[in-house]
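Visitor: Have a look at this one before I ask anything.
The values are calculated or read from the model by the stated rules, or taken from the named source; none is laboratory data. Everything numeric in this text was worked out from a predicted model, so none of it was measured. Glycine also receives a Cβ, built like all others from the backbone with ideal geometry; neighbour counts cover every protein chain displayed. Ligands, DNA and RNA are stripped out before the accessible areas are found, and what is left, the full protein with its side chains, is counted by its heavy atoms. Shrake-Rupley method; radii C 1.70, N 1.55, O 1.52, S 1.80 Å.
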Amino acid sequence: MSEHIDELRETVRERYAAAAVAVAGGGTAQDCCGGGDCCATGAMELDENFGASLYGAGDRDALPIEAVAASLGCGNPTAVADLRDGETVLDLGSGGGIDVLLSARRVGASGKAFGVDMTDEMLALARENAVKAGITNVEFVKGTIESIPLPDSSIDVVISNCVINLSTDKSAVFAEMARVLKSGGRIGITDVVADDALTPAQRAERGDYVGCIAGALSFGEYRNHLEAAGFENIRIEPTHAVAEGMHSAIVKATVTDSACCGSDCCS
Ligand SMILES: C[S@@+](CC[C@H](N)C(=O)[O-])C[C@H]1O[C@@H](n2cnc3c(N)ncnc32)[C@H](O)[C@@H]1O
């Protein structure tokens, strides 16, 4: 990995660590972006298009205030993933844990929800939130979404909320999703997606990388990555604008049987 990529990932980690510390100290992730020291080097560009306002009151009221306050996503993937009793769910970039906790409730005691995040401060916050919520069928694991620390073919549903745009190696993320999913498994993701006409430079004019804008894939790029990793039944639907020509979108797909069995993971 180049020095620049390493630096970018470290900038992302530092920024979200600061957000977690702000929430643990009684603030909100948004306070962190309101000009406080933790965001002195740039805004996370949170507004009404991001965070807890994208969840229904029923979801918000059922969780500890800190889990809600730490919400930094651009949608509600648990509402689009059609989770069922007994399923195993994995949330990529689980932050303060809001989507893991909601998933755990939806899959019930016979199911389980995992969260993977690279930021220690977020993992600590998420684990505390699980204890406060009294939810035990969850596990928060430290790791990157480019190298998920979970076994092959172990997950029914991968969810993620506004994180894949932050990855510095998106091909690896899609390949890892296919690897950990069971045959026929599915994804229900919310993420920022750019109009196909926007160049990477134009995306960067609309917002910074840590603020979930500059690193966004276009609709076509998202589809290409998913197809290359072995996904089918792909649907990418914009829900609301987050910047000119940039949208929050719901991404759904299923993994083909051959995505796993054509590779080493089934050998
Ligand atoms: C925009 S926040 C979203 C958090 C959560 N999904 C939510 O909706 O509130 C991004 C989260 O992803 C994590 N993250 C970013 N890049 C990551 C990577 N490459 N691997 C693992 N975690 C990552 C950050 O630490 C942070 O907790």
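Visitor: Is it fair to say Glu121 is at pLDDT 95 or above and either among the aromatic types (Phe, Trp, Tyr) or over 16 Å from Ile187 (Cα atoms) (or both)?
Guide: For Glu121, the condition - at pLDDT 95 or above and either among the aromatic types (Phe, Trp, Tyr) or over 16 Å from Ile187 (Cα atoms) (or both) - is met.
Visitor: Checking the structure you have, find out if any residue of the range 135-149 is open to solvent by 10 Å² or more (accessible area, probe 1.4 Å), modelled with pLDDT under 95 and over 16 Å from the mean Cα position of the chain (by Cα).
Guide: For the range 135-149, residues open to solvent by 10 Å² or more (accessible area, probe 1.4 Å), modelled with pLDDT under 95 and over 16 Å from the mean Cα position of the chain (by Cα): absent.
Visitor: Which residue out of Ala104, Ala130, Ala113, Ala126 is part of a strand (DSSP E or B), modelled with pLDDT of 95 or more and closer than 22 Å to Ala57 by Cα?
Guide: Result of the check over Ala104, Ala130, Ala113, Ala126: Ala113.
Visitor: When the residues of the range 107-121 are narrowed to those that are open to solvent by 50 Å² or more (accessible area, probe 1.4 Å) and away from the ligand (no atom under 16 Å from the Cβ), which ends up nearest to Gly86 (Cα to Cα)?
Guide: Within the range 107-121, the match that is nearest to Gly86 (Cα to Cα) is Ser110.
Visitor: Looking only at helices (runs of 4 or more DSSP H) that fall completely inside the range 162-265, which ones have 3 or more residues that are more than 16 Å from the ligand (Cβ to nearest atom)?
Guide: Those helices (runs of 4 or more DSSP H) span 200-205, 219-229, 257-261.
Visitor: Sticking with this structure for a sec: So Asp59 ticks every box in (1) acidic (Asp, Glu); (2) at positive phi; (3) modelled with pLDDT of 85 or more but one. Which box is left unticked?
Guide: The one condition Asp59 does not meet is (2).
Visitor: Identify, from the list Gly95, Gly86, Gly26, the residue that is surrounded by 16 or more Cβ atoms within 10 Å (Cβ to Cβ) and either modelled with pLDDT of 85 or more or part of a loop (DSSP other than H, G, I, E, B) (or both).
Guide: Gly95
Visitor: Within the range 157-179, work out how many residues are open to solvent by 30 Å² or more (accessible area, probe 1.4 Å) and of a type in the set (Asp, Glu).
Guide: Final tally of qualifying residues: 1.
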